[in-house]
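Here the structure is laid out as structure tokens; the discussion comes afterwards.
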Amino acid sequence: MGICSDRWILEKCRNEEMISPFEESQISTKDGIKVISYGVSSYGYDIRVSNKFKIFTNVYGTIVDPKKFDAKGLIEIEDDVCVIPPNSFALAITMEYFKIPENVITVCVGKSTYARCGIIVNVTPFEPGWEGYAVLEISNTTPLPAKIYAAEGIAQVLFFEGTERCIQSYADKKGKYQKQLGMTLAQV
């Protein structure tokens, strides 16, 4: 198993539509304005966050339970900027739709621009054969409100290609988050 280069990513996206929409180079300005970069990087792809967010709130006294998730604990925001309250957490989805080959797995890490501001981005691995929009977990670890900019880079996906297909892909086991088109909440 080895990490995949920008050439590999370009080939997979041109021939197999692995990422859509797809930017073939690193974009750091849009309409002459600096943005948090996104697109192909040396050994990965910098993904963008969409303008759809869900922020955790305790207004209704809801308990976060992964076995019985109650959506009343979230408020929805659809905007170009999302402000996450201090020491709080939000969910979002990527602008990109992914189709992961059956001999590939990904690891996703937050971009340093956000990390240097105390904002941690967690994304679970994209398993072999998984397809859909990725749900992002964004934590504001600071005692201050934090801004997240929609349609700009938020995390980098690193691709690792195996020498053979796995025994059972995410598609084979019909995973519960397969082909998710929106922000799917926790399910068991």
*Based on what the data block shows, is residue 47 aliphatic (A, V, I, L, M), closer than 20 Å to residue 154 by Cα, over 15 Å from the mean Cα position of the chain (by Cα) and surrounded by 14 or more Cβ atoms within 10 Å (Cβ to Cβ)?*
no
*asked:* Between a residue in region 1-26 that is touching a residue at least 24 places away in the same chain (Cβ under 8 Å) and any residue that is of a type outside the set (D, E, K, R) and in a helix (DSSP H, G or I), which pairs come within a Cβ distance under 6 Å, given they are 6 or more apart or on different chains?
replied: 19/13; 22/13
*Run residue 13 past the list (1) under 27 Å from residue 162 (Cβ atoms); (2) under 16 Å from the mean Cα position of the chain (by Cα) and report the number of the one that doesn't hold.*
(2)
_Residue selected from region 98-117 under the condition of a type outside the set (A, V, I, L, M, F, W, C) and surrounded by 15 or more Cβ atoms within 10 Å (Cβ to Cβ), by the criterion nearest to the chain's Cα centre (by Cα)_ = 110
*asked:* All but one of (1) assigned to a loop (DSSP other than H, G, I, E, B); (2) more than 14 Å from the chain's Cα centre (by Cα) hold for residue 72; state the number of the condition that does not hold.
replied: (1)
*Considering only region 58-79, state which residues are farther than 15 Å from residue 184 by Cβ and among the small types (Gly, Ala, Ser).*
61, 73
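If you check 148, 154, which single one turns out to be β-branched (Val, Ile, Thr), touching a residue at least 40 places away in the same chain (Cβ under 8 Å) and touching a helix residue (DSSP H, G or I) at 6+ places or on another chain (Cβ under 7 Å)? Explain how you work it out, then say what you get.
Values: 148 fails: touching a helix residue (DSSP H, G or I) at 6+ places or on another chain (Cβ under 7 Å).
Testing whether each residue is β-branched (Val, Ile, Thr), touching a residue at least 40 places away in the same chain (Cβ under 8 Å) and touching a helix residue (DSSP H, G or I) at 6+ places or on another chain (Cβ under 7 Å) leaves just 154.
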*Can residue 106 be described as in contact (Cβ under 8 Å) with a residue 24 or more places away in the chain, of a type in the set (Ser, Thr, Tyr) and in contact with a Lys or Arg (Cβ under 7 Å, 6 or more places away or on another chain)?*
no
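Does region 141-186 hold any residues that are of a type in the set (S, T, N, Q) and over 18 Å from the mean Cα position of the chain (by Cα), and which are they?
Narrowing region 141-186 to residues of a type in the set (S, T, N, Q): 141-142, 156, 163, 168-169, 178, 180, 184.
Passing the criteria: 141, 142, 163, 168, 169.
Hey, among the residues in region 1-55 that are among the charged types (D, E, K, R) and assigned to a strand (DSSP E or B), which one's nearest to residue 128 (Cα to Cα)? So that I can check it myself, show each step before the final result.
Just the residues of region 1-55 that are among the charged types (D, E, K, R), to begin with: 6-7, 11-12, 14, 16-17, 23-24, 30-31, 34, 46, 48, 52, 54.
Keeping just the survivors that are assigned to a strand (DSSP E or B) gives 30, 34, 46, 48, 52, 54.
Details: 30: 33, 34: 34, 46: 19, 48: 21, 52: 26, 54: 27 Å.
Of everything passing the filter in region 1-55, 46 is nearest to residue 128 (Cα to Cα).
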_Please pick out the residue among 127, 164 that is within 25 Å of residue 5 (Cα to Cα) and surrounded by 15 or more Cβ atoms within 10 Å (Cβ to Cβ)._
127
*Is there any pair linking a residue in region 53-79 that is surrounded by fewer than 11 Cβ atoms within 10 Å (Cβ to Cβ) to one that is assigned to a helix (DSSP H, G or I) and of a type outside the set (A, V, I, L, M), with Cβ under 6 Å and at least six apart or on different chains, and which?*
60/72
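Is it true that residue 19 is out of contact with any Pro (no Cβ under 7 Å at 6 or more places or on another chain) and surrounded by fewer than 19 Cβ atoms within 10 Å (Cβ to Cβ)?
When the stated conditions are applied, residue 19 does not pass them.
Read-outs: derived from the displayed coordinates by stated rules, not from any lab. Keep in mind that this is a model prediction, so the values were computed, not measured. Note that we place each Cβ from the backbone using ideal geometry, even for glycine, and neighbour counts take in every protein chain shown.
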